[in-house]
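Have a look at the structure below, then the notes.
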Amino acid sequence: MASRITKAVIPAAGLGTRFLPATKAMPKEMLPVVDKPAIQYVVEEAVAAGLTDVLLITGRNKTALENHFDRATELEANLEKKGDVDRLHKVEFSNDLADMHYVRQGDPRGLGHAVLRSRMHVGNQPFAVLLGDDLIDERDVLLSRMIEEQNKRDATIIALMEVDPEVAHMYGVATIEATGSPDVVRVTDLVEKPAQGTAPSNYAIIGRYVLQPDIFDILDNTEPGKGNEIQLTDALRTQAKNNVAGGVYGVVFRGRRYDTGDRLDYIKAIVQLAVEREDLGPELRPWLKEFSATLE
Ligand code: UTP
């Protein structure tokens, strides 16, 4: 069955306060992970899952994001003149990666508010949301699996990951029921960042969603929640509890995921991705071993 889903929405308008001062004049989604900005990994993931229409929700410092997915004429001409074909290809790669669109969020009033800004562009069809600072390792499958389930169930599909119960309070957390599929659960309730020790499970929401367009009306009627922000989790809770538009299911992800908005996770992401790289791994691995020996 052909997928009805063609559009990806990538919110990238957060203030990135955990990464200040690096994010004072630059969105955290532009921070390099090895040698590519985080956002490019996310757009590449959307494209790999068959989504070629990408809407970025941008904030104050949108210029760098827009420039990254556009031609860099002077730089390209310079590399061409030098005959530096390898680097030229790297630079050009992001120019035509997807059909890119941009909308400003204005005040960053939360993820739910950011998603609501995509309403005009998305229209009345299911769509994917990928958080611009959340990386899923390209060797592991998630988004295409979620789209497959959306096509099958005609419901909202969120991505869940089992986390250590000690850290569940840092996430949106789902109350779940088993389904016939080992990697799919039915979501009956959700709570955004529950007080420590009160999480209903250790199934945490991670930054991939395949949403029904009904979410827009629900978001419109969602009051600010945690942090006085309009929370996508709260809108999904309403959908799950009232079983709107097929309800909410979770695909349980057991692969590698990096939250590049968090400084420690960001460092881990760079190391993990760099050791696997053909151009960096062979030199980095022995150095890492040597270095870690000095830590004992
Ligand atoms: P985060 O909560 O990680 O972003 O939102 P933040 O608010 O920038 O983080 P800190 O705590 O201040 O460091 C997850 C994703 O949602 C986007 C962010 O850009 C990020 O990709 N977002 C968040 C928006 O687009 N708008 C918002 O109002 C909030």
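The values are calculated or read from the model by the stated rules, or taken from the named source; none is laboratory data. These figures come from a predicted structure and were not determined experimentally. Cβ atoms come from the backbone with ideal geometry, glycine included; neighbour counts cover every protein chain shown.
Some points to look at:
- Pairs with Cβ under 9 Å, 6+ apart, first in region 271-296 and of a type in the set (Asp, Glu) and assigned to a helix (DSSP H, G or I), second modelled with pLDDT under 95 and exposed (fewer than 10 other Cβ atoms within 10 Å of the Cβ): 276/139
- Test: residue in region 192-211 that is buried (at least 20 other Cβ atoms within 10 Å of the Cβ), modelled with pLDDT under 95 and more than 22 Å from residue 132 (Cα to Cα): yes
- Where a residue in region 3-15 is closer than 25 Å to residue 64 by Cα and its partner, wherever it lies, is within 8 Å of the ligand (Cβ to nearest atom) and among the basic types (Lys, Arg), with Cβ under 8 Å and at least six apart: 14/28
- Candidates 241, 226: the one that is out of contact with any Pro (no Cβ under 9 Å at 6 or more places or on another chain), within 16 Å of the ligand (Cβ to nearest atom) and among the charged types (D, E, K, R) is 226.
- Among the residues examined, residue 70 qualifies as away from the ligand (no atom under 13 Å from the Cβ), under 24 Å from residue 114 (Cβ atoms) and loosely packed, with under 14 Cβ neighbours inside 10 Å.
- Within the option set 129, 103, 141, being surrounded by fewer than 21 Cβ atoms within 10 Å (Cβ to Cβ), under 24 Å from residue 28 (Cα atoms) and either within 16 Å of the ligand (Cβ to nearest atom) or of a type in the set (A, V, I, L, M) (or both) holds for one residue only, 103.
- Scan of region 4-32 for residues that are β-branched (Val, Ile, Thr) and either surrounded by fewer than 20 Cβ atoms within 10 Å (Cβ to Cβ) or within 12 Å of the ligand (Cβ to nearest atom) (or both), ordered by number: 6, 9, 10, 17, 23
- Pairs with Cβ under 6 Å, 6+ apart, first in region 38-58 and in contact (Cβ under 8 Å) with a residue 60 or more places away in the chain, second near the ligand (Cβ under 9 Å from one of its atoms) and in a helix (DSSP H, G or I): 38/29; 39/29; 57/114
- Selection status of residue 52, polar (S, T, N, Q) and within 9 Å of the ligand (Cβ to nearest atom): no
- Checking each residue in region 33-47 for being in contact with an Asp or Glu (Cβ under 8 Å, 6 or more places away or on another chain) and within 14 Å of the ligand (Cβ to nearest atom) picks out 37, 38, 39, 41, 42, 45.
- Flag if residue 94 is under 30 Å from residue 223 (Cβ atoms) and either surrounded by 15 or more Cβ atoms within 10 Å (Cβ to Cβ) or acidic (Asp, Glu) (or both): no
- Summed over region 106-126, residues that are within 7 Å of the ligand (Cβ to nearest atom), in a loop (DSSP other than H, G, I, E, B) and either among the aliphatic types (A, V, I, L, M) or over 16 Å from the mean Cα position of the chain (by Cα) (or both) total 2.
- Scope region 1-53; condition assigned to a loop (DSSP other than H, G, I, E, B), closer than 18 Å to residue 97 by Cα and out of contact with any strand residue (DSSP E or B) (no Cβ under 8 Å at 6 or more places or on another chain); matching residues: 35, 50
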